[in-house]
Amino acid sequence: MANSLEHLCEACKVGYHAPFDRFEKLAVEEKGPAFLMRCKYCGALWYEGLHSADRISASEAHRIFPKADL
Ligand SMILES: [Zn+2]
């Protein structure tokens, strides 16, 4: 888990929610299916699974999605 809320935009401080067009999809995990998403406003990385989404650090994202261009 990422630990700081300081650099998040107001929307990401609340969580992973609409408007979803604030996110760009960086990578897809075929087995999930799960997606690595990045907020266009603050750069926060989100791991979106089937039922929930969690904010993750860049190092976590790199481990899960080694091909993603962070
Ligand atoms: Zn954000």
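The values are calculated or read from the model by the stated rules, or taken from the named source; none is laboratory data. Fair warning: this is a prediction, and the values are worked out from it, not measured in the lab. With ideal geometry, Cβ positions are generated from the backbone for all residues, glycine too; neighbour counts draw on all protein chains shown.
With at pLDDT 95 or above and either more than 10 Å from the ligand (Cβ to nearest atom) or at positive phi (or both) as the only criterion, which of 26, 5, 50 stands out? Give the steps one after another, and end with the answer.
On the way: 5 fails: at pLDDT 95 or above; 50 fails: at pLDDT 95 or above.
Step by step, each of 26, 5, 50 is checked, and only 26 is at pLDDT 95 or above and either more than 10 Å from the ligand (Cβ to nearest atom) or at positive phi (or both).
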Those residues of segment 29-47 that are within 11 Å of the ligand (Cβ to nearest atom) and assigned to a strand (DSSP E or B) come to a total of 5
Checking residue 7 against (1) out of contact with any Leu (no Cβ under 7 Å at 6 or more places or on another chain); (2) in a loop (DSSP other than H, G, I, E, B); (3) buried (at least 16 other Cβ atoms within 10 Å of the Cβ), which test does it fail?
-> (3)
Which members of segment 48-70 meet the condition of being more than 20 Å from residue 9 (Cα to Cα) and either among the hydrophobic types (A, V, I, L, M, F, W, C) or assigned to a helix (DSSP H, G or I) (or both)?
-> 50, 59, 60, 62, 63, 64, 65, 68
